[in-house]
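The values are calculated or read from the model by the stated rules, or taken from the named source; none is laboratory data. Not measured: the values here are computed from a predicted model. FYI the Cβ positions are ideal-geometry reconstructions off the backbone, even for glycines, and counts take in every protein chain you see.
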Amino acid sequence: MTETRTPTAVDAIADSYLDAWIEHDPLIATYLGFPGHDAEMPELSPEWLAERSTIRQRALRELAGAAPVDRSDRITVAALREELEAVEALRAAGTEESDLKNIASPLQSVRDCFDLTPVATESDWATVARRLGEVPKAIAGYTASLRLAASRGEVRPVRQIEAGIEQCGDNVGPSGFFATFAAAAAPTDGGTLPESLRAELARGAAAASDAYAGLAEYLRDELLPAAPAEDAVGRDLYALHSRTFLGTQIDLEETYAWGQDELARIRARMVETAGRISRGATPAEAMALLNADPARTLHGTAALKEWMQGKSDAAIAALADTHFDIPAEIRTLECLIAPTQQGGIYYTGPSEDLVTRPGRMWWSVPKGETEFATWSEISTVYHEGVPGHHLQIAQTAYRRNLLNRWRRLASWVSGHGEGWALYAERLMEELGFLDDPGDLMGMLDSQSFRAARVVLDIGIHCQLPAPASAGGGAWTYEKAWDFLAANVSSSEGTRRFELNRYLGWPGQAPSYKIGERLWLQARAELQARDGDAFDLKAFHRQALDIGSVGLDVLHGAVLGEFD
């Protein structure tokens, strides 16, 4: 690292905001890798949420009085203001207390934090035991928030509550997550746990299990009867959700039409690629041939984990010092099978020191799935690893000489981050890593998946007419299911989870493909401006050094509007 800047008053505002957020929310502290809070749980009550809003509002007031002194300051002010204002707008619309969905709501985050809580030593497990004992407090506060929202008529739809009840069940009883987690406790440093600590872990696990059993009872007996059957949130609320995930406001009707055109373009490429796999084959026939190829099949999660790690390591070795500047400190990515079985693949970033916890790629394998096709998953490794999320997030964390702590560690806009990861998949084709037609088919199938959900998500929630390929007229769950099945090749369990995710998390799923679109537009504009002087590697370095910001801010930053 050679370039260094002196921290400014704007940096102090951003970092003070981050410090207050971490102090207030122990789950964020664990997720970001900040020590000292791993024995704690947030209250999640209406009062706790109000205090979280107060922290955001205080930061907005401080930003309003700030005097940026350089380009980095101007980006920080624009990015932090956009994020805070967007979240406050959603809170004002009444969405915060009612938050319940099949992914990324407090119901999941209280459990998921144990995946990242350190477990290397006896002391770590003692911390885990204390955190387990705090779960009832968090669930009680969360229930109070749901109850307050319900009293105002703000209840999430039936499908999301039913998913929550089922997921609560996964955490309850002797075979639930908490009991099995505590029973299998063992320090990774090779030590042993005293019986007194094992007993404390068992008590904490039982308390956590009981808390989730109580939550399931509340959801089933009180919230479900009040839940609406309608999944759509409506155009106005959808626009607020979309802004939080993109950091820009989009023309929803234009984007809906673009999503249909993009899906048609991708499907046409899939037809062409299928012919390369087997002359005259349809995409479905070609994918069946790929699935039947023993050389492209993995048996069991151990083989999947080994394959993931090998492909990830090979990508880092091939791309470092050639197409990307990858610091030595972030060339380690750990690939793991997630303890949950809800479907999906995700990434968690390294700890702030880049040592205590590496970046990790997690694969949440749905129940009953034991065979995995490599052709359909290779582009996902690039999406979650390098040059996708790991390169993006870990390199940003590394840039302590350029960026304040909020920009490095906590600023995350889905359209930017997930858009980059989709861009990374496409880039790997450009760089020749997907020349095998089977691997290319996997990438195109993934792209088809992402384009289809632009159409589904906007169409359903904004109540726009379904395309002719989906039967036209008003969207229904059945039309959405058939449309997804026609354009996505994943398992039925994964598709069910995904469709419920779109219905319960408006605006999030389209942010991937829309983000990729805006990344490509920014690159094209810069390339047109610079002509022969355009340098792709330099573009990537400049863009990644900005950190994850809203897409309006990204566009302005790479085009020089903050200079």
Hey, which of the helices (runs of 4 or more DSSP H) in segment 463-538, taking only ones fully inside, have at least 1 residues that are of a type in the set (G, A, S) and over 30 Å from K367 (Cα atoms)? 510-530
All but one of (1) in contact with a Phe, Trp or Tyr (Cβ under 6 Å, 6 or more places away or on another chain); (2) surrounded by fewer than 19 Cβ atoms within 10 Å (Cβ to Cβ); (3) of a type outside the set (F, W, Y) hold for E166, so report the exception by its number. (1)
Output for segment 329-352, where each listed residue is closer than 16 Å to P366 by Cβ and among the hydroxyl-bearing types (S, T, Y): T340, Y346
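Of the residues L224, L201, L215, L219, which single one is in a helix (DSSP H, G or I), in contact with an Asp or Glu (Cβ under 8 Å, 6 or more places away or on another chain), at pLDDT 95 or above and aliphatic (A, V, I, L, M)?
L224
If we keep just the residues of segment 5-64 that are basic (K, R) and surrounded by 15 or more Cβ atoms within 10 Å (Cβ to Cβ), which is nearest to G141 (Cα to Cα)? If you could, list the steps in order and put the result at the bottom.
As a first pass, look at segment 5-64 and keep what is basic (K, R): 5, 52, 56, 58, 61.
Okay, now just the ones that are also surrounded by 15 or more Cβ atoms within 10 Å (Cβ to Cβ), so 5, 52, 56, 58.
Details: R5: 42, R52: 14, R56: 20, R58: 24 Å.
Checking each candidate, the answer is R52.
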